[in-house]
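Quick notes on the structure that follows.
The values are calculated or read from the model by the stated rules, or taken from the named source; none is laboratory data. For clarity, every value in this text was computed on a predicted model and none was experimentally measured. Here the Cβ is made from the backbone with ideal geometry for all residues, glycine too, and neighbour counts use every protein chain on show. These accessible areas exclude ligands, DNA and RNA; they are computed on the full protein's heavy atoms, side chains included. Shrake-Rupley method; radii C 1.70, N 1.55, O 1.52, S 1.80 Å.
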Amino acid sequence: MTTTGNSMIDDAEFERVQQRYAQERAKRIRTDGNNQYVEVSGEFSHFTADPYADPTFTREPLSEDVEFLLIGGGFGSLLAAAHLRAIGVEDIRVIDPAADFGGTWYWNRYPGVQCDIESYIYLPMLEELGYVPKNRYSSGSEILGHAQNLGKQLDLYNDAIFQTSVTDMRWDEDAQRWLVRTDRGDELRARFVSMATGPLNRPKLPGIPGITDYRGHMFHTSRWDFSYTGGDESGDLTGLRGKRVAVVGTGSTGIQCIPHVAEWAEELYVVQRTPAACDVRANRPTDDEWAAELQAGWQRDRMVNFTSIIDGGGADEDLVDDGWTVTYRELTAMTAAEEANESGRPLDRKERSRLMGLADLRTMERIRQRIEETVDDPDTAESLKPWYGRWCKRPQFHDEYYPTFNRPNVTLVDTDGKGVDRLTETGFVVGEREYEVDCIIFATGFEVGTDYTRRAQYDVIGRNGQRLSDKWSSGMITLHGMFTADFPNCFFLGQTQTGLTANYCHTVGEQAKHLAYVVDQARTAGHTVVEATREGEAAYREHFRQVAIGNSSYYQACTPGFFTSEGNIDPDKGFFASFYGKGPLSFFELLEQWRASGDLDGIALGGNRP
Ligand code: NAP
């Protein structure tokens, strides 16, 4: 029987597909896990050079006291600044290696860049700024513009320190401040420091043999070289005329830039290790009438509604109603039907898990069918089909990716799970064949799950010379993912033992609120030092471990990727170790209840305001 997205799937078919998933996984599992990638430092550091900033920029070093230093200029710090302004913090400095606000949206300007989360819930503080995004899914430049507007609205530009990287950060017990040094010779003495250094800030390169031999042009998608390709994020890559180009990688970035490269290159080779699973995007302009009728509080309601559905909690109404929510809506409908059949009895965990597997399979079958219907060449269509569960990799959505393979100048180079064998002076080798190309574009993603301080690119030295890299060498130890003992007045925002939402801005918004609450409590009580207690972090760690996501059999069976530390799930390190296993809304509720109790359990306040 051929299953489709709409037909019923019998148990035998379900089993057959699971076996195929296991076979495809086995092809890709490798012992070197994250070590298969090379760090973009040393001889590879040019891959992180900023193509958008003025390289001649210089300034005098700074030496000054700062009340609040926010490291990172993305939405994490912008939201922290918004909440800190609300409690009356005036002296805020934001520091970032980029030349502007925007974080990931500063760096990722590749052609086709777009947020895969609905703009109305992704772009934070829309109501506060009185802004309605132009489209249902925003382009990168619109999001970058929004970050810049937040920077202006929050009056952060005058004190922002751009094109500057922190090199080290040390707690001065006598001064009760952080001494923060930078690569421009600055010495900042900050009372409070918040680190929102980003989950996807370090590009990664595959450690392909011969990567230093290649003599053609190479760059990573997060530093797109428009001086070579011409054009901008909307395309028009005239510099690629007559060029043979390879794009390595078919993740969320690859699928967005590939259709644009295909339009301009003489020849495009799409080098695939694991096929994308690309569902319908259906972007559309914002309906002005709909926008005009939005009531106060609409954005928060919509954000919570989306996260609640993705979290498996359900909701009476699906406000976002897109590819992210459809699998879960289907699951809710199936659960309800099954419960009705079983005389109203609630389903047990095993039954729910079976239904979840079926709902997942239906989505993947629909995607495989989409490929079959779109791609003309049957062999190419077959190679493009993804064989893994929907949530093993970040779900992808695009309407031009699959049709790109019908272009005569586009070749899919399917490496059957192995990746590129090696680079030569003139191209790349897969199997027996060498492909000569003028340019190789790495859409190979970012470091996820490597050590926190490696990704931050500096160490943090706390009380008694304790290094954060040592304290967290076997995994993070925190209270609420934001505070850690011996590192007073230092806060962590981002994917740090927190609630995992597909909508990153929802998570950092909740963290920012929590941060401002704790700082406000300390300031109101006349204290200048805030720190997690050992008991507090130990209790949180224990609870966190008990509910760990990595325990789930679903992820154990997944094809490798950054979610599963390339197939080596470790309960203490890696992507899933960054997230609270009971789901984001439970995590946000935990924080809310903690705040409501008012006793700051697990936090010690010290120091006295002069
Ligand atoms: P990614 O998801 O990590 O994808 C990297 C790609 O490179 C994968 O297809 C990977 O194959 C491939 N690859 C790695 N090593 C290879 C090798 N040796 N040979 C051939 N292929 C190789 O990275 P990304 O696409 O940049 O996305 C990263 C994250 O950024 C996303 O998950 C998402 O969170 C975010 N993002 C978001 C948006 C958005 O719309 N909001 C857009 C872009 C990115 P395997 O699958 O086999 O590992």
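Odds and ends about this structure:
- Scan of the range 459-474 for residues that are more than 19 Å from residue 180 (Cα to Cα) and hydrophobic (A, V, I, L, M, F, W, C), ordered by number: 472
- Answer from 36, 19, 23 - the residue that is farther than 30 Å from residue 321 by Cβ and within 13 Å of the ligand (Cβ to nearest atom): 36
- Restricting attention to the range 534-562, the residues that are open to solvent by 30 Å² or more (accessible area, probe 1.4 Å), within 16 Å of the ligand (Cβ to nearest atom) and either free of Cβ contacts under 8 Å to residues at least 40 places away in the same chain or in contact with a Cys (Cβ under 8 Å, 6 or more places away or on another chain) (or both) add up to 1.
- Filtered residues of the range 110-123 (kept if in contact (Cβ under 8 Å) with a residue 40 or more places away in the chain, under 16 Å from residue 253 (Cβ atoms) and within 12 Å of the ligand (Cβ to nearest atom)): 110, 112, 113, 114, 116, 117
- Of the residues making up the range 518-532, those that are outside any helix (DSSP H, G or I) and of a type outside the set (Ser, Thr, Tyr) number 7.
- Test: residue in the range 222-240 that is closer than 19 Å to residue 105 by Cα and among the aromatic types (Phe, Trp, Tyr): yes
- Applying the criterion of at least 2 residues that are within 21 Å of residue 46 (Cβ to Cβ) and either open to solvent by 40 Å² or more (accessible area, probe 1.4 Å) or not aliphatic (A, V, I, L, M) (or both) to the strands (runs of 3 or more DSSP E) found wholly in the range 162-250 leaves 204-206, 217-220.
- Filtered residue count, the range 320-332, keeping only those that are open to solvent by 60 Å² or more (accessible area, probe 1.4 Å), outside any loop (DSSP other than H, G, I, E, B) and farther than 16 Å from residue 353 by Cβ: 1
- Count of residues meeting criterion [within 17 Å of residue 449 (Cα to Cα) and assigned to a helix (DSSP H, G or I)] in the range 546-580: 14
- Scan of the range 204-221 for residues that are within 21 Å of residue 111 (Cα to Cα) and modelled with pLDDT under 95, ordered by number: 204, 205
- Scanning the range 378-424 for residues that are in contact (Cβ under 8 Å) with a residue 24 or more places away in the chain, more than 20 Å from residue 266 (Cβ to Cβ), open to solvent by 10 Å² or more (accessible area, probe 1.4 Å) and charged (D, E, K, R) returns 385, 393, 394, 399, 414, 416, 418, 421, 422.
- Comparison of 279, 288 shows that the only residue that is away from the ligand (no atom under 14 Å from the Cβ), out of contact with any Asp or Glu (no Cβ under 7 Å at 6 or more places or on another chain) and among the acidic types (Asp, Glu) is 288.
- With respect to the conditions (1) closer than 23 Å to residue 322 by Cβ; (2) more than 16 Å from the ligand (Cβ to nearest atom); (3) open to solvent by 40 Å² or more (accessible area, probe 1.4 Å), residue 141 falls short on a single one, namely (2).
- In the range 350-371, the residues that are under 10 Å from residue 385 (Cβ atoms) reach residues that are in a helix (DSSP H, G or I) with C-beta atoms within less than 6 angstrom, at least six apart or across chains, in these pairs: 371/381; 371/384; 371/402.
- Here residue 359 fulfils each of the conditions (1) among the small types (Gly, Ala, Ser); (2) under 22 Å from residue 131 (Cα atoms); (3) open to solvent by less than 30 Å² (accessible area, probe 1.4 Å) apart from (2).
- Of the listed requirements (1) open to solvent by 20 Å² or more (accessible area, probe 1.4 Å); (2) of a type outside the set (Gly, Ala, Ser); (3) more than 10 Å from the ligand (Cβ to nearest atom); (4) within 25 Å of residue 246 (Cβ to Cβ), residue 466 misses just one: (4).
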